[in-house]
1. May I ask what percent, to the nearest 5, of DSSP beta bridges between residues of the chain are antiparallel?
2. What number comes out for the charge environment of THR2, summing +1 per Lys or Arg and -1 per Asp or Glu over other residues with Cβ under 10 Å away?
3. In degrees between 0 and 90, to the nearest 10, how far off the longest principal axis of the chain does helix 259-273 point, with axes built from Cα atoms?
4. Angle between the Cα long axis of helix 200-209 and the longest principal axis of the chain, 0 to 90 degrees, nearest 10?
5. Is region 91-225 rounded, prolate or oblate when judged by the Cα gyration tensor, a ≥ b ≥ c being the square roots of its eigenvalues, rounded requiring a/c under 1.5 and prolate requiring a/b larger than b/c?
6. All other residues with a Cβ under 13 Å from the Cβ of VAL18 taken together, and with Lys, Arg as +1 and Asp, Glu as -1, what is their net charge?
7. Let a ≥ b ≥ c be the square roots of the eigenvalues of the Cα gyration tensor of region 222-336; is it rounded (a/c under 1.5), or, if not, prolate (a/b larger than b/c) or oblate?
8. Stretch LEU120-ALA173 to full length: gain in nm at 0.36 nm per residue minus the Cα-Cα span?
Amino acid sequence: MTLNYLVTGGAGFIGSAVVRKLIGETQARVCVVDKLTYAGNLASLAPVAGSDRYRFERVDIGDAPRIRAIFADFQPDIVMHLAAESHVDRSIDGPGDFIQTNIVGSFTLLQEALRYWRGLDAQRQARFRFHHISTDEVFGSLGAEGYFREDTAYQPNSPYSASKAASDHLVRAWHHTFGLPTVMTNCSNNYGPYHFPEKLIPLMIINAIEGKALPVYGNGLNIRDWLYVDDHAQALLTVAERGRIGETYNIGGHNEKTNLEVVKGICALLDELRPDPAGPHERLIAYVTDRPGHDARYAIDAGKIGRELGWTPKETFETGLRRTVEWYLANPGWWGDIRSGTYRGERLGTV
């Protein structure tokens, strides 16, 4: 059976990876809904844009009439909701956009999905899924030990994570109150090709290529669990099609690294792949004032998705980071256009 996927935020980093996988590896039909804010980039969808199974709609998820019309015309079987403002630093500088998109926009999408689902026949109702994609940041900060589990209490510490936590609660409520068939995932930090250059890994790669300073917050010892984006995309499709209704699945890469370890790993790869005559790239590391509310450690227990659905990541951090660095070296046109326009590498979140 050919499924229709409606992917919100499909021109973003994770969303575009999902769409490329759907078009490239399945027979699904895909409708991408994206407002094309600064981080949405149609160039990330160029590899699949010529497919007759792909369509794109430039729409704000908060625009109820247009979202309603797309549901009616495209007739999705699965909604994958990735549209979100997603950068902690930007949420510190301007939290209002995060409230509007992540909370109000998610509410609007849920309402329209519920309206659409209620109008389906019994067979199509049983097939329908609303998959909400969230983050491990809703859980707050871990100490030196332990892991985030699906039943970990929420304790968001930034405007971004608070807005995502709110949307998670809305999804849960729409399932339990109205019966909407939902599944939800919370993931660890993603990295890989097509990542917007404000995030740690692409920013460090591009700055190092350009011989610029590599700004590391505080002492660089904040820890994150890193997940290669193609592994995440496969996990998302697995949950969307086979996850148990009403359940949440944590998705992690089992790759805990300090920020400083990540930056030094990038430097070592660039020393190998593109040596700088001026010396090792580590000389560019510059420690800068930590951002407000910077969580110390995130780490995910991804055992549930492995036990129930058989998913495990294919990439180690070392293989994934090498693939990522190689991609940025090979695709200066993609990130060069961004650096010359919407984002020039400035530090955000200084308040």
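1. 10
2. Local net charge: +1.
3. 70
4. Roughly 40 degrees between the two axes.
5. It comes out prolate by the Cα gyration axes.
6. -3
7. Prolate, because a/c is 1.5 or more and a/b exceeds b/c.
8. Result for the pair: 17.0 nm of gain on full extension.
Read the figures in this text as sums done on the coordinates, not as results from a lab. Keep in mind the model is a prediction, meaning the values are calculated, not measured. FYI the Cβ positions are ideal-geometry reconstructions off the backbone, even for glycines, and counts take in every protein chain you see.
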